[in-house]
Amino acid sequence: METLTPRRIVAELDKYIVGQAAAKRAVAIALRNRYRRSRVAPDRRDEIIPKNILMIGPTGVGKTEIARRLARLAAAPFVKVEATKFTEVGYVGRDVDSMVRDLVEASVQMVKSERMSAVESRAAAQAKERLLEILAPAPRRETSFTNPLEALFGGRAPSQTPPSAEPPADLVERRASLRERLERGDLDQESVEIEVEESASPMIEVFSGQGAEEMGINLQDLVGNILPRRRKRRRMAVPDALRVLTAEEAQKLIDTEDVVREGIRRAEEHGIIFIDELDKIAGHGAGVGPDVSREGVQRDILPILEGSTVTTKHGTARTDHMLFIAAGAFHVAKPSDLIPELQGRLPIRVELQPLTEEDFVRILVEPENALTWQYTALLSTEGVHVTFTPDGVREMARIARQVNDETEDIGARRLHTILEKVTDEISFNAPESVEAPAVASPGGDIVIDAAYVRARLAGVLANRDLSRYIL
């Protein structure tokens, strides 16, 4: 974060998102303010609260992508939720607390993945030794049960005779030979039978006065080690077995409690929650009775944004310093239709502009994940080389803008429908390498120019009613 200045954050976002400078500046400042807060004296740090953001703009202009790329840039826990999926507490449906629980779960999994990656080399070495023990097992020694529970659950007592200090010489030689073959890859085609833990754990639902809390409690945590973890034997290829054993060894090398603590802390300090479709719960209904999916949801979201404590299956999490980015098209409703308290908790408002024809041209070719590059890369896997000419790109952008003006403005998503229609024949014939003579250039490549785009879309554009369904 020290090197992520607002200017650099905007530059990084420019690599994937075209235009929308005001929105990029707003989120860049909000992200930088988190780093500034971390540099404030600890006794004053809690007094600084994040300034939540409300993005206003039509669909398909980059609202979600800005928030997602921002979280990825800062390596921050991130969840995206739809405001329309929530209902007021006490009614059937998801309650707003679930967005915080989802964030904490994502944060814990992120930390766990980082910790397991850090011990991957050690885990791989231990997994290799376990695999060699399975491939070349030591001679069995007599064991006896020490209590009836071990006989019931399959447990075994340690050997009554002390093990020898060193394994037999022939076993050492055999394992050394297997180790060499394993490192050379000679055993990749072999299969081995290993014991793995069953991934599915017994779960029970916890119900409270607020309905189903979507929290799972592992019965293993309730009864401790009385019930051993269920394991089953599976036969798999040696590389797959090595991967499974490496994951198990990595799990043993990390401190699970520390992972949970760090996950909750990271969610509280750096978590980003993106609330989409906020305009759909705005406005006052004319019906009789409580509006449990509109104002009721707004009232429930309010304490989350103000700062509250939410109970999750990993522990309690405070929302005081989480960053909330809300978004909506606000075609029918207006931001002023939200309840006043919720408006006050979204003080930074940025309006995203509709995309122009020039923006569409840039979206097709400039970003690192440009749409034309995606189609070129996909078709190249079939041995088909596609080239989009500048006039072909310009023609697709012009048609996208025209269809958006005449039907419904869905922003850059219109480019997906047009590109799919333009490349439909090529994608269908690509596995058989069938190229239309009118399309193939003298060198054998397929060139998509303005004439080809118009030829592929002529029938649809001529019939305006049809274009409403196809494009």
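The values are calculated or read from the model by the stated rules, or taken from the named source; none is laboratory data. The structure displayed is predicted, hence computed values, not measured ones. Counting neighbours? That spans all protein chains shown, and the Cβs are built from the backbone with ideal geometry, glycine included. Areas reflect the complete protein model, heavy atoms only, side chains present, ligands, DNA and RNA absent. Shrake-Rupley method; radii C 1.70, N 1.55, O 1.52, S 1.80 Å.
For the reader, a short list of remarks on this structure follows.
- Loop-located GluC sites (Glu not before Pro) in the range 346-434 (DSSP state other than H, G, I, E, B) with a sparse environment of at most 15 neighbouring Cβ atoms within 10 Å: E368, E382, E408.
- Sites R122 and S380, calculated FRET efficiency, Cβ-Cβ separation with R0 41 Å, nearest 0.05: 0.55
- In Hz, Karplus ³J(HN,Hα) per residue of the range 99-116 (6.51, -1.76, 1.60; θ = phi - 60°; x = Gly, Pro): 5, 6, 5, 5, 5, 5, 4, 5, 5, 4, 5, 5, 5, 4, 5, 5, 5, 5
- Cross-link pairs beyond the 18 Å C-alpha cut-off, checked among K128/K252; K15/K63; K24/K51; K24/K334: K24/K334
- Summarising the label geometry, the points placed 7 Å from Cα in the beta-carbon direction at E133 and K15 lie 4.4 nm from one another.
- With every protein chain in place, the range 252-374: carbon and sulfur % of accessible area (1.4 Å): 49 percent
- Full extension of the chain segment joining R25 with H331 gains 107.8 nm, where the gain is 0.36 nm per residue of separation less the Cα-Cα distance.
- The range 33-124: trypsin sites (Lys or Arg not before Pro) in DSSP loop, at most 12 other beta carbons within 10 Å: R39
- Amide H partners (placed H, <5 Å) of R94, local residues excluded: T87
- Rounded FRET efficiency, nearest 0.05, which uses the C-beta distance separating D391 from R72 and R0 of 41 Å: 0.75
- For the range 248-401, the spread of Cα coordinates along the three principal axes comes to 59, 55, 28 Å, biggest extent given first.
- Among 324-333, 302-311, the peptide with the highest mean count of other Cβ atoms within 10 Å heads the list, and the full ranking is 324-333, 302-311.
- Model label points for R8 and A41, set 7 angstrom from Cα along the Cα-to-Cβ axis, are 2.9 nm apart.
- Across the range 17-31, coupling constants 3J(HN,Hα) worked out from phi with the 6.51/-1.76/1.60 Karplus curve, θ = phi - 60°, read 10, 8, x, 6, 4, 5, 5, 5, 5, 5, 6, 5, 5, 4, 5 Hz, and Gly and Pro carry x.
- Counting only protein heavy atoms and a 1.4 Å probe, the range 1-61 has 53 square angstrom of accessible area per residue.
- Close amide H pairs (under 5 Å, H built 1.01 Å from N) link D320 with S308, residues at least 5 positions away or on another chain.
- Put a dot 7 Å past the Cα of D186, heading toward its Cβ, do the same for A451, and the two dots end up 6.2 nm apart.
- Burial ranking of peptide ranges 124-136, 173-185 (average Cβ count within 10 Å, highest at the top): 124-136, 173-185
- Anchor K232: aspartates and glutamates whose Cα lies under 13 Å away (excluding residues fewer than 8 positions away in-chain): E193, E195, E197, E198
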